[in-house]
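Chemist: Right, I'll just put the structure down here and ask away after.
The values are calculated or read from the model by the stated rules, or taken from the named source; none is laboratory data. Computed from a predicted structure; not experimentally measured. Reconstructed Cβ throughout: ideal geometry from the backbone, glycine too, with neighbour counts over all protein chains shown. Calculation scope for accessible area: heavy atoms of the full protein, side chains included, ligands and nucleic acids excluded. Shrake-Rupley method; radii C 1.70, N 1.55, O 1.52, S 1.80 Å.
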Amino acid sequence: KRMTKEGEILRYWTTAANACMVPGAFTNETSEGAVASRGVIAASAALRPSLRHISQKIQDADDRGANKLYGPVMRMIEAVVKKLFLTPDNDGTSGVEAGFRSACIKFLEIVTLSCSSKAELAADRSRRKGTNTDDFSIEDLPPGHPVITREALESIADYAFTTLRGLVQIGGQVKIDVNMLSESMLSSDIDNLPSSAIVSILKPAALAYLEIEDSVQGAIKDGNDESEEVSLEFKIDRA
């Protein structure tokens with residue numbers, strides 16, 4: 001009974017966090033941004049306990065119980081990255097306020113660590129000089145489930161890490177054209193796995209940041225000034 005109640009609470013938690021990021025709840029942009037930020041904070045707090053609960057359900061051979069929470073968790077992650085990268089402003093680039101962007105960066109960090117191996121998690125613990133019993137890694141996920149696999153979580157972690165690195169290193173200087181991300185999503189192969197919608201958003205964003213990084217490094221090697229505009233396949237707008 002305790003596990004059943006825990007699962008229900010976590011489902012309500014993740015669903016509520018998801019609802020906070022649905023556009024159009026408020027006509028005032030400031031109010032909507034504040035609610036969305038609270039949704040991302042709630043998502044950050046709910047992710048690890050939800051993944052631990054899913055792992056326990058798989059361990060108990062309760063695939064149905066695991067699926068009931070896994071779907072809302074994947075939709076929650078999708079809602080955050082969609083709000084971050086597919087919210088256009090007036091010039092067509094990704095338009096989110098600084099507070100919401102900061103919350104999203106922290107959320108992507110939690111996603112990356114939770115869906116990575118214990119070796120990478122141990123490195124982060126060492127950096128933070130402490131341990132956390134609430135940490136989760138892909139080794140904590142039992143094998144054998146047909147949909148909830150380590151490979152699915154690891155693919156999310158790979159693209160989330162590259163996207164996170166791009167946001168931290170050059171996110172303040174450039175904005176990715178939302179239309180280019182949308183076109184990349186439409187042209188990518190998407191299967192029916194719950195994690196595929198997340199990868200379809202993170203992958204083109206990660207590739208865009210990699211191309212920006214490669215182009216800037218190439219320009220520097222060629223002797224160009226760092227402040228010069230670099231021609232990129234992905235359109236960017238320098239803030």
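Chemist: Just name the residue that is farthest from K68 (Cα to Cα) out of those in the range 1-33 that are open to solvent by less than 20 Å² (accessible area, probe 1.4 Å) and in contact with a His (Cβ under 7 Å, 6 or more places away or on another chain).
Modeler: Per the criteria, the residue is L10.
Chemist: Then there's this: Within the range 34-78, track down each residue that is without any contact (Cβ under 8 Å) to a residue 40 or more places away in the chain, open to solvent by less than 20 Å² (accessible area, probe 1.4 Å) and either within 11 Å of G7 (Cβ to Cβ) or touching a Cys at 6+ places or on another chain (Cβ under 8 Å) (or both).
Modeler: The answer is none; no residue qualifies.
Chemist: Another question, then. Among L153, L113, L121, which is at pLDDT below 60, closer than 20 Å to I54 by Cβ and open to solvent by less than 30 Å² (accessible area, probe 1.4 Å)?
Modeler: The unique qualifying residue is L121.
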